[in-house]
Each structure stands twice: as C-alpha cells, then as structure tokens.
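Note sheet for the following structure.
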Amino acid sequence: MVIRICVKRFGRLPQTIITDNGKEFHSVYFKQLLAYYKCNHKYRPSGEPRYGSPVERVFGTTNTLWLHELQGNTQILKNTRQITKSVNPIHQAVWTIGELYQSLETWAYSIYDNRLNSSLGLSPFQAYETGIQLGGSRESRRLEYDQTFLILTLPSPHSGDTRSVQPGRGVKVNNIYYWCHAFRNPEVEKTAVLVKIDPFNVSVAYSYVKGLWHECTSNHYPYLQGRTEKELQIISSDLRQRKKHQGQATVLSDAELMEHLQGVYQVEEKLLKQRLQALENKTVLNLIEGKELSQNRLQTTHFYERENNSEVLVNQADNEETLESYGEF
C-alpha cells in the first residue's frame with residue numbers, strides 16, 4: 001500500500017528504500033518490484049534500534065498530534081484506575097477503518113506536511129520542493145499508476161512465484177484453477193509462468209506469458225468474486241480438518257472448496273468476521289485509488305489551529321443511529 005500511495009501522490013519512487021529485516025522484505029516479489037523500477041534496497045542493521053529513530057519519530061508525532069486526539073483512543077488505559085464505563089475506549093469506538101484512513105490522510109497532507117519542522121527550518125512539503133529544484137525533476141524516474149504497476153505490486157503465491165500451465169485447465173493457485181486465452185498456445189502448455197494474486201479478490205489471478213501480463217479468471221468466478229485469500233485459507237483449513245476426521249484424503253479440489261463455500265460454513269462466525277475485516281480493508285484500497293467513501297459516515301473531523309500554531313482535532317459524532325450494510329455474505 002505504501003508504494004502505491006507513493007506513486008499515486010508523487011508519481012515516482014525513492015531512489016533508495018530502507019526496510020527492517022522482516023520476512024516480507026526478503027520475498028522475491030518485493031525484490032523484483034524494486035529491481036524493475038531501479039530502486040536500491042537496503043536493510044536496517046538488526047539489533048540496532050537507533051537506526052529506526054527517524055521513522056519512530058514520525059510514528060510518535062502522529063500519535064501525539066493526531067491519534068491521541070481522536071475519540072476512542074486508548075491513552076487512558078495507561079492508568080486503569082481512571083477508567084469508568086462512561087470513558088472506557090471500548091464504548092467510545094466510533095471510527096471505521098475507511099474514515100480513520102481518510103482522517104489520517106487529511107492530517108498528514110494538509111496539516112503536518114505544511115507545518116514548520118524545527119530540524120529542517122521549513123515544512124516537509126517545502127523541503128520536498130527544494131529537493132526537486134536542487135536535484136532536478138528527473139522525468140525519467142516518473143512512474144505511471146497503470147495496470148502494469150498495480151499488477152507488479154501484487155504478491156506472489158505463498159508456495160512460489162511460478163506455476164506450471166496444465167493443458168485445458170490453466171494454472172493452479174490455492175487449489176483453484178485459473179485460465180486465460182494465452183494458455184491456448186501449445187508453446188505455453190506445461191511451461192512455468194510467473195503468477196500474481198490479488199489478496200482481496202481471489203476470483204482472478206495474473207500470469208506473465210510471452211512478455212505480457214494476462215488476467216486469468218477462475219471457472220468459479222461468480223462464487224469467488226470479492227472473496228479474499230484469507231477467507232479461502234479459512235475454508236480450506238476447515239475442509240481439511242473435516243476430511244481428516246472422516247478418514248478421507250486431505251487433498252482438496254476446487255469443486256470441493258466451492259461446495260464447502262456455499263454450504264453451512266459460510267454462516268459461521270469465523271468466516272463472517274474475516275469477511276467484515278476484508279470489506280473494511282477494501283475501503284482503504286478504494287480510497288487509495290481515489291474513489292469516494294460511502295455516504296454513511298459516523299462522524300466528521302474538523303482541523304483548525306490555535307493561536308500558538310498547535311493543531312487540534314475535534315470529533316463530532318452523529319447522535320442518530322446509523323445502520324451500515326456490509327454487503328452479501
């Protein structure tokens with residue numbers, strides 16, 4: 001998401017990206033993405049927390065000036081003796097993920113970005129503009145926020161970034177077969193192709209064939225549309241456990257998964273909870289893409305500055321009850 005936001009907002013990526021030693025930053029797909037766009041990748045030394053002080057400072061400033069001013073923040077939990085039912089953060093939680101992201105975006109881009117930084121002597125936005133003027137616009141490093149970029153920022157399957165094309169069936173990812181017209185070529189059959197998946201929509205996958213990315217659809221597209229990879233993992237795990245208890249082989253087929261998806265398991269609490277979480281995460285992705293937030297807003301946030309130039313957040317929660325529809329489960 002961070003890389004998408006960077007290209008969406010600035011039309012470019014940093015020349016050097018520094019990360020910690022998390023497993024996701026050692027993945028092949030992440031290294032391929034940076035290599036494709038000619039970005040240098042450096043790892044922060046392990047066991048040296050001071051190397052992360054710049055980003056930790058940003059987190060601290062964000063918490064102090066924005067997050068801790070929101071209704072429902074958990075600062076009071078530091079002293080449990082002060083907590084009563086009327087001020088318990090659990091009962092004050094009114095923010096949805098989409099609205100929280102939109103509020104953070106407003107604070108970061110409209111207030112913090114134009115706020116004087118004592119270390120720089122100017123605002124972060126002015127520092128960025130000064131850097132562009134000194135170093136040049138470097139139009140050659142500008143990136144298009146197009147379909148190719150979106151595909152390259154998708155992850156590869158967990159068990160490897162390539163799949164073998166099976167004649168007449170396509171590529172198999174998470175026990176689901178995906179097909180596109182490029183697989184009809186006899187030269188492509190039984191060869192390994194690069195595959196990307198969309199974690200928020202397992203009805204489609206993307207394969208790299210003959211120098212082009214192709215969208216592949218599942219033959220169970222109507223049942224998988226809008227389903228997430230985590231939902232599919234929950235269903236697969238439950239089906240394996242049931243087959244194991246019945247003494248059956250735990251190898252799964254796509255037909256069994258679809259039958260299980262449409263069965264009684266779809267109304268169970270665990271899958272419904274994951275479904276709600278996925279829909280909230282999808283809201284954030286839509287906001288990154290520039291789409292409008294739903295009209296059912298629980299609250300509005302206003303930013304203003306005091307005479308001493310400190311920023312204040314004021315939350316106004318609607319008193320009327322709001323019924324939100326999370327779609328069809």
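Can you send over the carbon and sulfur percentage of the accessible area for the range 108-249, probe radius 1.4 Å, protein chains only?
49
Search the structure for amide H atoms under 5 Å from the amide H of residue 173, placed 1.01 Å from N in the peptide plane, and list their residues when 5 or more places away or on another chain.
Under 5 Å from the amide H of residue 173 lie the amide H atoms of 178, each far enough along the sequence or on another chain.
Pull out a ≥ b ≥ c, the square roots of the eigenvalues of the alpha-carbon gyration tensor of the range 1-140, then state rounded if a/c is under 1.5, prolate if not and a/b is larger than b/c, and oblate in the remaining case.
Cα axes put the range 1-140 in the prolate bin.
Loop-only check: which GluC sites (Glu not before Pro) in the range 85-164 are DSSP coil with at most 13 other Cβ within 10 angstrom? Present the calculation step by step, with values, prior to reporting the outcome.
Details: sites: 99, 105, 129, 139, 144; in loops: 144.
Answer by residue number: 144.
Rolling a 1.4 Å sphere over the protein heavy atoms, what is the accessible area per residue of the range 181-240, to the nearest Å²?
Accessible area per residue, the range 181-240: 50 Å².
Taking only protein heavy atoms and a 1.4 Å probe, what accessible area per residue, in Å², does the range 69-177 have with all protein chains in place?
61
Using a 1.4 angstrom probe on the protein heavy atoms only, could you order 165, 87 from most to least accessible area?
Sorted descending by solvent-accessible area, the residues read 87, 165.
Going through the range 131-229, which trypsin sites (Lys or Arg not before Pro) have at most 15 other Cβ atoms within 10 Å and a DSSP loop state?
138, 142, 169, 190, 210
Would you pull out the residues with amide H under 5 Å of residue 17's amide H, same chain only if 5 or more places away, H placed 1.01 Å from N?
40, 41, 42
Can you give the accessible area per residue of the range 1-44, in Å², using a 1.4 Å probe?
64
Local charge sum around residue 182 (other residues, Cβ-Cβ under 12 Å, Lys/Arg +1, Asp/Glu -1)?
-1
Which distance in nm do the two modelled labels at residue 113 and residue 138 give, with both placed 7 Å along the Cα-to-Cβ direction?
Using points 7 Å along Cα→Cβ, the separation is 1.9 nm.
The values are calculated or read from the model by the stated rules, or taken from the named source; none is laboratory data. Model, not experiment: these values are computed from the prediction. All Cβ positions, glycine included, derive from the backbone under ideal geometry; neighbour counts span all protein chains shown. Just the protein is used for accessible areas: all its heavy atoms, side chains included, with ligands, DNA and RNA removed. Shrake-Rupley method; radii C 1.70, N 1.55, O 1.52, S 1.80 Å.
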